[in-house]
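Each reported figure results from applying straightforward, stated rules to the coordinates on display, with no laboratory input. Predicted, not measured: the structure shown is a model, and the values here were computed from it. We place every Cβ from the backbone using ideal geometry, glycine too, and count neighbours over all the protein chains shown.
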Amino acid sequence: MTEEMITINGMECRVKPGRSIWETARDNGIEVPTLCLLKDAAPTGACRICLVEVEGMNNLAASCSTPAQAGMVVWTESKKVIAARKEILSLMLASGNHNCGIGSTTNDDWTEFQLNAETYDKDEELCPAWGDCRLQDLAYRYGVKTDDAARVPARYPKETVNPLIVRDFSRCILCGRCVQACNEVQVNRAIHVGYRGTDSKIVAGTDVPLKDSDCVFCGECIQACPTGALVEKKSLSSWRPWEEKKIRTTCPYCGVGCQQWLHVCDGKIVKVTGVEDGSPNKGRLCVKGRFGFDFIYSEERLTTPLIKENGTFRRAEWKEALDLVAEKFKTNNIHHCART
């Protein structure tokens, strides 16, 4: 049987049944940018960044949701495609408080904008996701600049009334990844897209704070967010990606064995994310696994073994404590065998 082929950027690629243009390009080492596509969730084509040019089609196609068909000739970085992506990115940057530092104005002086952003952020010099933002990456990649005159003021205030997650609606691009992470990946169904048009907003329940909704604070929405719209409150603006060291480990809380990345800065854990290709959790974490890491820095944490004698605890060396535990195991085992 003759293999069905598709041509992408002049390269012939085999078409696998049921694969989209985006997946086929990735299978062949061709990167097509996207902001809305989420692993293990249905493609939506919402962000339109993955647009490609397909010869014979009148309009650009969303590669994440367009099936790859034999005989297609696809261009992922044509002039038409790049112009469309730049226009979309420009509109996104103008849609809120995206103080990325990439051509925030049409000239080299963006001090006034930064000062306004500082005021809005309550003295944060830059967005908390600065350096770890997919929107910023693409803005730099395509050299997108925005005009302050076109910038849309923040429509909704920040939500900071819970101890774990900051929701900054002024930095939300409505890509829908957080909704899919909540509804399709974790299946908590705590958030959805509410309202319409320019009033559109990611809402919890009937548009209540997360703490008053069905949210279980697993933080999957944070891991999915490509901008600074959702960030960990514990580590807000306390570190930057280039300062961190990532260490893979196993979550210590239960016996499931979820795989974690510890983001360490200056010898201290500042953030925890799930290992997306790690089993058994495949990137998913619970509230304890994602946010319950700072107990190790508590002054109340036990750092040496304690042995109880005459109703009180005394400090002991590790060898003495382990020997005592081993002896108790032996004794209890002998008594159990004697009873049976």
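Couple of notes before you dig in:
- Shape class of the stretch 157-236 from the alpha-carbon gyration tensor: rounded, with the ratio a/c of largest to smallest axis under 1.5.
- Between 0 and 90°, nearest 10: helix 79-94 axis offset from the chain longest Cα axis: 60 degrees
- The chain - mean residue ellipticity at 222 nm from DSSP helices (-39,500 (n - 2.57) per run, n ≥ 4, rounded to 500): -6500 deg cm²/dmol
- Residue-count net charge about R314 - beta-carbon cut-off 13 Å; Lys, Arg +1, Asp, Glu -1: -1
- Neighbours of F169, meaning other residues whose beta-carbon lies under 10 angstrom from its beta-carbon, give a summed charge of +3 when Lys and Arg score +1 and Asp and Glu score -1.
- Antiparallel content of DSSP bridges confined to the chain, in %, to 5: 95 percent
- For the residues V185, V54, V231, a GNM of the chain with alpha-carbon springs under 10 Å puts the largest fluctuation on V54.
- For trypsin sites (Lys or Arg not before Pro), the sites in the stretch 184-240 that DSSP calls loop and that have at most 15 other Cβ atoms within 10 Å are R189, R196, K233.
- Long-range amide H partners of D214 with built H, under 5 Å: G205
- A Cβ-based charge dipole, computed about the Cα centre of the stretch 5-77 with Lys and Arg at +1 and Asp and Glu at -1, lands at about 200 debye.
- Taking one quarter of the surface of the C-alpha convex hull of the stretch 241-297 gives a mean projected area of 3.8 nm².
- Qualifying GluC sites (Glu not before Pro) for the stretch 1-73 [loop in DSSP, other Cβ within 10 Å: at most 16]: E3, E4, E31, E55
- Residue by residue, the stretch 26-38 carries 3J(HN,Hα) couplings of 5, 4, 10, x, 9, 8, 10, x, 7, 10, 10, 5, 10 Hz when phi is fed to the Karplus relation 6.51 cos²θ - 1.76 cosθ + 1.60 (θ = phi - 60°); x denotes Gly or Pro.
- Amide hydrogen neighbours beyond the local backbone of I269, cut-off 5 Å, H modeled: none
- Seen from C258, the other residues with C-beta closer than 14 Å to its C-beta sum to a net charge of +2, counting Lys and Arg as +1 and Asp and Glu as -1.
- Take every Cα pair under 8 Å whose residues are at least 6 apart in sequence, average their separation, divide by the length of the chain, and the relative contact order is 11 percent.
- Each of S65, I6, S279 was scored by the projection of its Cα onto the charge dipole of the chain, and the greatest displacement toward the positive side belongs to S279; charges sit on the C-beta of Lys, Arg, Asp and Glu.
- Kirkwood Rh, Cα atoms: Rg over Rh of the chain: 1.09
- Restricting the stretch 260-340 to GluC sites (Glu not before Pro) in coil, as DSSP defines it, with at most 11 other Cβ within 10 Å: E299, E300, E317
- Euclidean distance of C-alpha centroids, the stretch 148-203 and the stretch 6-54, integer Å: 26 Å
- Just checking the listed ones, T24, T76, T206: in the Gaussian network model of the chain with Cα springs under 10 Å, the one fluctuating most is T206.
- Stretch in the chain that is longest and holds no chymotrypsin sites (Phe, Trp or Tyr not before Pro) that DSSP places in a loop and that have at most 13 other beta carbons within 10 Å: 1-194
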